[in-house]
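Student: Okay, here's the structure, questions in a sec.
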Amino acid sequence: MLLSTDIWVAALIRRAELGGAFATVGRKGDARAGAVLVKVVDRREGTARLFSEATRGDGERFWMQPVRSTFEPDLDAYAERAARIDPDIWVVEIEDRDGRHFLTEPVET
């Protein structure tokens with residue numbers, strides 16, 4: 001059984017905070033089944049990355065970068081387009097000095 005999105009998001013934010021990062025909900029979507037985008041900002045490097053959850057053919061969940069840009073306005077524009085298509089989407093923003101994403105599932109870069 002999968003966790004509801006609001007609980008999953010709260011756990012991600014808590015992991016980030018315990019790791020010394022700042023994390024917040026940039027956009028709140030459907031509490032039970034909204035998709036999630038995770039934006040990671042590295043202020044020291046002046047870069048950002050965006051992660052989106054995906055599912056492989058065998059059902060395994062993983063995270064991928066839907067936009068290869070590290071320019072934060074490009075990532076914000078993608079998130080805005082995604083929200084127009086799916087109004088239930090969540091956006092979690094993490095600022096970390098080391099650029100960590102705090103995701104526990106596999107991440108493809």
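Student: Based on DSSP, what percent of beta bridges with both residues in the chain are antiparallel, to the nearest 5?
Tutor: 70
Student: Grab the other residues whose beta carbon is less than 10 angstrom from that of LYS28, score K and R as +1, D and E as -1, and report the net.
Tutor: Its environment carries a net charge of -2.
Student: Cα-based Rg (one decimal) and Dmax (whole number) for segment 38-85, in Å?
Tutor: In order Rg, Dmax, the Cα atoms of segment 38-85 give 12.2, 38 Å.
Student: Heavy atoms only, probe 1.4 Å: what % of the accessible area of the chain goes to carbon and sulfur, would you let me know?
Tutor: 51
Student: Using all C-alpha to C-alpha distances in segment 62-109, build P(r) with 10 Å bins and read off the rounded percent in each one.
Tutor: 21, 54, 24, 1
Student: Residue-wise, which Karplus ³J(HN,Hα) couplings in Hz belong to segment 26-32, taking 6.51 cos²θ - 1.76 cosθ + 1.60, θ = phi - 60°, and x for glycine or proline?
Tutor: Per-residue couplings from phi come out as x, 8, 9, x, 5, 5, 8 Hz.
Student: Can you compute the helix-only [θ] at 222 nm over the chain? Use -39500 (n - 2.57) per DSSP H run of at least 4 residues, normalise by all residues, nearest 500 deg cm²/dmol.
Tutor: Working: 2 runs with 28 residues, N = 109.
Counting only the DSSP helices, I get -8500 deg cm²/dmol.
Student: Please list, in order along segment 87-104, the HN-Hα scalar couplings obtained from phi with the Karplus expression 6.51 cos²θ - 1.76 cosθ + 1.60 (θ = phi - 60°), rounded to whole Hz, x for Gly and Pro.
Tutor: Values, residue by residue: x, 8, 6, 9, 10, 9, 10, 10, 10, 9, 5, 9, x, 6, 9, 6, 7, 9 Hz.
Student: Provide the per-residue ³J(HN,Hα) series for segment 10-25, in order, calculated from phi with Karplus coefficients 6.51, -1.76, 1.60 and θ = phi - 60°, each as a whole number of Hz, with x at glycine and proline positions.
Tutor: Calculated HN-Hα couplings, in order: 4, 5, 4, 4, 5, 4, 5, 5, 5, x, x, 9, 9, 9, 8, 8 Hz.
Student: Still on this structure, I have one more. Around LEU37, which amide H atoms from residues at least 5 apart in sequence, or from another chain, sit under 5 Å from its own amide H, with H modelled in the peptide plane?
Tutor: For LEU37, the qualifying residues are TRP90, VAL91, VAL92.
Student: Take the Cα atoms of the chain, build their convex hull, and give its volume per residue in Å³.
Tutor: 99
The values are calculated or read from the model by the stated rules, or taken from the named source; none is laboratory data. If you're wondering where the values come from, they're calculated on a predicted model, not measured in any experiment. Please note: Cβ atoms are built from the backbone with ideal geometry, for glycine as well, and neighbour counts cover all protein chains shown. Accessible surface is based on the protein model in full, side chains and every heavy atom, while ligands, DNA and RNA are left aside. Shrake-Rupley method; radii C 1.70, N 1.55, O 1.52, S 1.80 Å.
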